[in-house]
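Notes follow the structure.
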């Protein structure tokens, strides 16, 4: 779903770049790069939400979920490519700016972006806190929620918008890859580590933050190592893919080795328990004799 | 062929080549697409379309070695992509069975891990070439006649496999357990289908880029599902939809270029035409349902 939303935002990026190129030029293009960023991201948010809305409608029509996701992904990407081909000749500089959104430019992030992320984070936490029961019941059993008057379409729409804005800001930071990884891996890790939904959210938060941190460190360490060897001017592992790699490895490791839940942990402990049991039985036999 | 090319105005020849390639590509995808759709493996195909970046990088790295052995570069690329596609499928299945992840979680994780490795390979070994961009979007406007031949080959291979193994594909799509109990090797058939998908993607990536091949794989099949429910007619109708939208896209591109002086990417146009077709069919179906409800009442 994360990948679909991030691909779905591609035409939005292009459309807002078109708007910037042909719209009120002097008022907007003059100053702040941030305003340009904001307009671009808003366009991305629009199409991402549109993609999410289309997905829910397609599910209502009983189109298989993976087919719906794949179709929205592919067709929105195609429309985006169409607009991009026009933009490429019309406004090359804007086109370059928008291309960076695809791959993420973590190195051009500023404190303003950090503040923006923090505000988004607070908004999400507050929305989840206030609408916890709504969210949980509607997600797991919609009919039950409707029967208990726990279904608010407006709240659902708000959550959709939050998801889209999350994906779009994530694209700015790390590119499409990071969004796909960070929406899946911390959830997988959280599910292994937790016993309830709230705990899962907590652990997923920690794991997600850890992935971001470790991914950055990995990327920087690899770059210094590559420089010391002699690869000049090569980014061995850009930040986005580094975070994705770290996230996947961490999720798999936690899935395997978390105490009492991990799969390899259970196998190993079963074997250890069997051995202990056999030893105890042997000792009893010897004792009885 | 070259006489024809020498005597026609150049843009018509270019268009003919483009049309041939797009139509062949959509026919290829329409052969394989309905199976992917019915097996719920479209996201797997999507992750393969991304992870083949790793295969292509590996192929470029091994190119010199392969040349020493006399292997054609294109075959090398296809072989490496097939290997990576098998790796993706294998890892996704293992993630589902052994790690007990949900279907979409396993697909997502394998995709991000392998794609990250692919980007690492590309940025480490080819830092200044725009390998990534070409693969995403392809360049439908700079195609040559030579690009048609791989597509013809892959169409032949695809149709032979689909026609020859139709019963196997049909059974394993609709009833895996029955196929298993009857002795069909369901796993191998899965891998064979994924290999076909990879082949189709690889021959198409010069034209539309491997990401957009997905829209050719899903779109015609999805639109055909609105029209029919039988597997054979699904394939035929998907072929029809795919070929006609390729034709419309080429015509539109040429028309827009000549009359409105608007250079648009033909690949993006074909994807948008498919989307428009889907919307039209969907709205028609919605209207039909409403009419049925009214008649019933």
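Quick notes
- Test: residue in segment A:139-151 that is more than 13 Å from every other protein chain (Cβ to nearest Cβ) and within 12 Å of the chain's Cα centre (by Cα): no
- Wholly enclosed helices (runs of 4 or more DSSP H) of segment A:189-289 bearing at least 2 residues farther than 26 Å from residue A:3 by Cβ: A:197-229, A:263-288
- Conditions (1) modelled with pLDDT of 85 or more; (2) more than 14 Å from chain A (Cβ to nearest Cβ); (3) touching a helix residue (DSSP H, G or I) at 6+ places or on another chain (Cβ under 9 Å); number of the one not met by residue B:258: (1)
- Residue check, residue B:234 more than 17 Å from residue A:73 (Cβ to Cβ), at pLDDT 90 or above and assigned to a helix (DSSP H, G or I): yes
- Number of the exception - residue B:48 against (1) touching a helix residue (DSSP H, G or I) at 6+ places or on another chain (Cβ under 6 Å); (2) more than 26 Å from residue B:164 (Cα to Cα); (3) in a helix (DSSP H, G or I): (2)
- Checked against the criteria, residue A:263 counts as free of Cβ contacts under 8 Å to residues at least 24 places away in the same chain and facing chain B (nearest Cβ under 8 Å).
- Unique match (being within 12 Å of the chain's Cα centre (by Cα) and modelled with pLDDT of 90 or more) among B:217, B:222, B:192: B:217
- Filter result for residue A:45 (more than 13 Å from chain B (Cβ to nearest Cβ) and at pLDDT 85 or above): yes
The values are calculated or read from the model by the stated rules, or taken from the named source; none is laboratory data. Being a predicted model, the structure only gives us computed values, none of them experimental. Neighbour counts run over all protein chains shown; Cβ positions are idealised from the backbone, glycine included.
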